[in-house]
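Accompanying notes for the structure given below.
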């Protein structure tokens, strides 16, 4: 699948989070902004709340690293840019 979309897969050393900084940062952000702020009734409730948070994070929340755009806006601009 990765090769069909020009995505390079990189494997990290087992049990070595230092070699996987980007994924660890995403997990930290998820825990700080979402998980630690929630009370879940059950697994289904957790899944529903996670879906809502992911939608918010990607389509509503602006991100400094991409000039204050949402990830959705950033990708929309990228793929609509004429070459």
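Quick notes on this one:
- Computed [θ] at 222 nm, deg cm²/dmol, the chain (DSSP H ≥ 4; -39,500 (n - 2.57); rounded to nearest 500): -15500 deg cm²/dmol
- Taken along the Cα-to-beta-carbon direction at a fixed 7 Å, the label points for residue 34 and residue 62 span 2.2 nm.
- Sequence-separation-based contact order of the stretch 20-80, relative, with Cα cut under 8 Å and 6+ spacing, percent: 17
- Ranked for footprinting exposure by Cβ neighbours inside 10 Å, fewest first, 41, 24 give 41, 24.
- Along each principal axis, Cα extent of the chain, largest first, Å: 49, 34, 26
Throughout, read-outs are computed from the coordinates displayed, never taken from laboratory work. Quantities reported herein were computed from a predicted structural model and do not represent experimental measurements. Every residue, glycine among them, receives a Cβ derived from its backbone with ideal geometry; neighbour counts consider all protein chains shown.
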